[in-house]
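A short worksheet on the structure shown next.
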Amino acid sequence: VQNPLWMNLVMLLTVLVFAVGGIFSIKQSIWIALGMFALGTVMFLFYGGFRVLVNREQIVVRMGLSGIRLLRLNLEDISEIELHQFSPMKDFGGYGIRINREMKAFYLRGNRGVKVTMQSGKKYLIGSDHPERLELIIKMLKR
C-alpha cells in the first residue's frame, strides 16, 4: 500500500470544497449543487492511495477505497523483475501515474520500486514502501 498523508489531505480537502460549494450553490441552482455533490463523491472514490495485489496469476494495481483498477499484469507474461531506484521529478516529472520514454509508472511517494518488463517489451514501475518484499513475492509466485 502507498497511501501518503499529503494525498489524503488533498482528497479530503477537495471533497470538502465540493460539499461546501454544493451547499452554498443550492440557493442558486439545484443542478449545480447536485453536480458539485456528485463530483465530490467521485473524488472520494480516489481517496486511499495505491494498493498492489499479487496472486498466482497476476499483479493488480488499484487506487482508492473503491479499488479502481489501474493496471493488471499476468505473471506468465512477465520476462524480468528487478528493483529500480529513480528520481520522481527528474525521471517522471512528479508523482502519481506517469509515463516516460522507457516505462509507465505508478507511485505516490519514495524513489524505489519494482520494474516489471513484459515479454512484449513494455515496462512498468510499481512504487512500493517495501520494494524488496514486493519483488520477492512476485518472483516467488512467478516460478
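Here is how the numbers come out for the structure above:
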quantity: Any hit, the range 77-88, residues being without any contact (Cβ under 8 Å) to a residue 60 or more places away in the chain, under 15 Å from PHE50 (Cα atoms) and under 15 Å from the mean Cα position of the chain (by Cα); calculated: no
quantity: Number of the exception - GLN28 against (1) open to solvent by 30 Å² or more (accessible area, probe 1.4 Å); (2) touching a residue at least 24 places away in the same chain (Cβ under 8 Å); (3) of a type in the set (S, T, N, Q); calculated: (2)
quantity: Residue check for ARG69: of a type in the set (Lys, Arg) and over 30 Å from VAL17 (Cβ atoms); calculated: no
quantity: Output for the range 20-62, where each listed residue is among the β-branched types (Val, Ile, Thr) and farther than 19 Å from ALA105 by Cβ; calculated: VAL20, ILE23, ILE26, ILE30, ILE32, THR41, VAL42
quantity: Close pairs (6 angstrom Cβ cut-off, 6 or more residues apart or separate chains): farther than 16 Å from ASP129 by Cα in the range 1-16, open to solvent by 80 Å² or more (accessible area, probe 1.4 Å) and polar (S, T, N, Q) anywhere; calculated: none
quantity: TYR47 being among the aromatic types (Phe, Trp, Tyr) and closer than 30 Å to GLN119 by Cα; calculated: no
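The values are calculated or read from the model by the stated rules, or taken from the named source; none is laboratory data. Keep in mind that what you see is a predicted model, and the values were worked out from it rather than measured. Cβ coordinates were reconstructed from backbone atoms using ideal geometry, including for glycine residues, and neighbour counts include every protein chain displayed. In case anyone asks, the SASA skips ligands and DNA or RNA and just uses the protein heavy atoms, side chains included. Shrake-Rupley method; radii C 1.70, N 1.55, O 1.52, S 1.80 Å.
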